[in-house]
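Since the structure comes first, as structure tokens, the remarks are kept for the end.
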Amino acid sequence: MAAEELFCRYGIKSITMDDIAGHLGISKKTIYQFYKDKKELVHLLMQKMVSDQQEEISQHEAGAKNAIEEIFAVIVCLQRLMQTINPVIFYDLQKYHPESWKLYQDFRDNFLTRRIKTNLERGISEGLYRKDLDLDIVAIMRINDLDTVFSTQVYSPARFDMGKVLSELTNHYLYGVVSLKGYKLINEYKNVYEED
């Protein structure tokens with residue numbers, strides 16, 4: 001948990017095993033009794049983070065009354081996560097920890113893509129999303145939108161609040177896929193009541 005806190009706040013590359021030991025008030029030797037090296041620690045941390053996200057997203061999916069409520073619940077979950085993560089962690093994973101980055105890619109390409117398609121199918125069956133959507137194309141578009149949130153080259157953290165970026169991209173996505181019935185429901189969820 002201490003490593004997760006430091007990595008998420010400062011990135012992976014800039015944190016050493018000495019930093020983690022100092023943060024915990026223990027010797028580096030004690031850490032090495034449990035973890036072979038930083039690479040193993042990063043990998044185990046990514047496994048935990050991916051597993052936690054899968055569980056939380058699945059709970060939101062199961063508990064939502066409809067497809068739109070599910071999207072809003074998942075976005076709240078992702079915004080909470082983004083408040084604790086420095087986007088540089090994704091760059092560090094990609095560049096310095098490719099095995100751990102693959103865990104994230106598998107999560108994104110398999111779990112998240114399936115969840116997006118399932119949500120689209122649910123929304124169509126509920127009459128909340130348009131029937132003419134190409135699910136494969138829309139799912140890839142959504143994944144690419146989510147990827148850009150964490151790209152410091154596209155949305156610099158110095159200039160943009162990552163939670164706000166996620167919110168705007170989600171609004172754009174939802175308004176693009178909904179039917180008229182879904183449009184009205186979005187506005188109810190957002191507490192926006194349009195005048196007649």
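The values are calculated or read from the model by the stated rules, or taken from the named source; none is laboratory data. Given the structure is predicted, the values throughout are model-derived calculations rather than measurements. Quick reminder, even Gly has a Cβ in these numbers, built from the backbone with ideal geometry, and neighbours come from all protein chains shown. Please note that ligands, DNA and RNA were not included when accessible areas were found on the heavy atoms of the full protein model with its side chains. Shrake-Rupley method; radii C 1.70, N 1.55, O 1.52, S 1.80 Å.
Details
- Residue in segment 3-18 that is small (Gly, Ala, Ser) and loosely packed, with under 13 Cβ neighbours inside 10 Å present: no
- Condition check for Lys48: among the basic types (Lys, Arg), open to solvent by less than 90 Å² (accessible area, probe 1.4 Å) and either touching an Asp or Glu at 6+ places or on another chain (Cβ under 9 Å) or in a helix (DSSP H, G or I) (or both): yes
- Residues of segment 119-146 satisfying the condition of being in a helix (DSSP H, G or I) and either open to solvent by 50 Å² or more (accessible area, probe 1.4 Å) or more than 20 Å from Tyr175 (Cβ to Cβ) (or both): Glu121, Arg122, Ser125, Asp136, Ile137, Ile140, Met141, Asn144
- Taking segment 159-191 as the range and being of a type in the set (A, V, I, L, M) and either modelled with pLDDT of 95 or more or more than 20 Å from the chain's Cα centre (by Cα) (or both) as the test, the residues that pass are Leu174, Val177, Val178, Leu180, Leu185, Ile186.
One line per residue, one yes/no per condition, for (1) under 30 Å from Asp136 (Cα atoms); (2) assigned to a helix (DSSP H, G or I); (3) of a type in the set (Asp, Glu); (4) open to solvent by less than 20 Å² (accessible area, probe 1.4 Å):
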| site | (1), (2), (3), (4) |
| --- | --- |
| Ile26 | no, no, no, no |
| Lys65 | yes, no, no, no |
| Ala73 | yes, yes, no, no |
| Val76 | yes, yes, no, no |
| Tyr91 | yes, yes, no, no |
